[in-house]
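To start, the structure itself, in structure tokens.
The values are calculated or read from the model by the stated rules, or taken from the named source; none is laboratory data. Remember, predicted model here, so these are calculated numbers, not experimental data. Glycine gets a Cβ as well: all are built from the backbone with ideal geometry, and neighbour counts include every protein chain shown. Just so you know, the surface numbers come from the protein's heavy atoms only, side chains and all, with ligands and any DNA or RNA stripped out. Shrake-Rupley method; radii C 1.70, N 1.55, O 1.52, S 1.80 Å.
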Amino acid sequence: MAKHSNLSIFIPHIGCPHRCSFCDQHCISGSVHAPSPEEVTALCRDTLPSMGDPAHTQIAFFGGSFTALPRDYMLGLLEAVQPFLRDGLAGGIRLSTRPDYMDRETAALLASYGVTAVELGAQSLWDPVLEVNERGHTARDVYRAAACVRAQGMELGLQMMTGLYGSTPETDLATGRGCIAMKPDTMRIYPTVVLPGTRLARLYADGAYPMLPLSDMIDLCARLLEECAAAGIRVIRCGLHAQDGVSENRIAGYYHPAFRELCESRRLLRRMQAQIGTPEPGRIYAFRVHPAALSRSIGHKGCNRAWFAQQGAVLRLIQDPACGMEECIWEPGASVHRKETLACT
């Protein structure tokens, strides 16, 4: 499968009529400058020729709610990239926006300008959670907007947040399953991070916003990754980017620079646990895994091996190229007591 690449153009928080509880868009987008159409043209001219296969390259407008921008500015940005689409230097346009700023007319307009993918910031599909976080839209708006994107033949992406104020692991799982039911092409899962100057920061300081341990959030997101994989939905991001603006300025929240790796390791551990039940102390448990999945199976900094050790058991991994990349297959015949002196990988 050819690798996709984006020429990312960040649009700051302008045009959006809402300030959600978690929003510090300048920090998240890494940009406070609204690029002019001329600057976008120059960036495309200087960058696109060196980005590889144009058919798998998209010009991506991220960071703000694109269709909530002032209409003249939005159209100016779209016009600025048209020559590069016509010359075959990019295969389409990707953008993100709010679900309440997507209707049939807007979707048709975007498609006419060569937009090939739209990501909708759903965040939650529970109206009480959307309301207390001041999102300004309902779950019904998400479903309606997704249908508008699909009707124009554009790729649909959905973004959700876990651990929002007022949510629970159960409501987050329900949101994930609701997103999966819409059959998006891609999903992004963003665990909530508390940033300075936001309403969440004030709630957290007042003790009104309790947070789960990071390990619990990893487990929740591992379950969401598992369900997305089972539905054939590609999760293109799990956890916020390891940017200075987030890693250095955050007050609290579910952040780790290797968050996705931790979740993938937890997925494989859950699969092991489902096969063996409660580990027997003193036993060595052997699993076959693909060589490329060895690191994830061991776990970030050996976390899966550490879990077995906490149970008084040992994890042994047998590299097997015949295994699928996401498989870990228990070999009961090779799982023995340590006194039988079986070497461990």
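Kindly provide the helix-only [θ] at 222 nm of the chain, computed as the sum of -39,500 (n - 2.57) over DSSP H runs of four or more divided by all residues, to the nearest 500 deg cm²/dmol?
When only DSSP H runs of four or more count, the value is -11500 deg cm²/dmol.
Please give the Cα centre distance for the range 263-333 versus the range 189-225, rounded to the nearest Å.
Taking the Cα centre of each part, the range 263-333 and the range 189-225 sit 29 Å apart.
Heavy-atom accessible area per residue, the chain, 1.4 Å probe: how many Å²?
For the chain, the per-residue accessible area is 45 Å².
Put one equal scatterer on each alpha carbon of the range 249-345, apply the Debye formula with no solvent term, and list log10 I(q)/I(0) at q = 0.19 1/Å to two decimals.
Log10 I(q)/I(0), no solvent term: -0.86.
Starting from the Cα coordinates of the range 164-223, work out the convex hull volume and express it per residue in Å³.
About 97 Å³ per residue, rounded to a whole number.
Note down the nm distance, to one decimal, between modelled labels 7 Å out along Cα→Cβ at Arg45 and at Arg104.
Going by the 7 Å Cα→Cβ label model, 4.1 nm.
Based on the inverse mean of 1/r over its pairs of different Cα atoms, what is the Kirkwood hydrodynamic radius of the range 192-237, in Å? The partial results should precede the final answer.
Details: mean 1/r = 0.0790 Å⁻¹.
With all distinct Cα pairs of the range 192-237 included, I get 12.7 Å.
Do me a favour and compute the ellipsoid semi-axes for the range 50-188 from its Cα gyration tensor, root of five times each eigenvalue, largest one first, whole Å.
29, 16, 13
Over the range 164-267, what portion of Cα pair distances is larger than 17 Å, expressed as a whole percent?
Counting pairs separated by more than 17 Å, the tail of P(r) holds 54 percent.
In the range 202-293, what percent of the accessible surface is made up of carbon and sulfur (1.4 Å probe, ligands and nucleic acids excluded)?
Looking at the range 202-293 in its full context, I get 47 percent from C and S.
Where in the range 240-288 are there GluC sites (Glu not before Pro) that are in a DSSP coil and have at most 14 other Cβ atoms within 10 angstrom of their Cβ?
Glu248
Give me the Kirkwood hydrodynamic radius of the range 211-284, using the inverse of the mean 1/r over all pairs of distinct Cα atoms, in Å to one decimal.
14.0 Å
For the chain, what is one quarter of the convex hull surface built on the Cα atoms, given in nm²?
18.9 nm²
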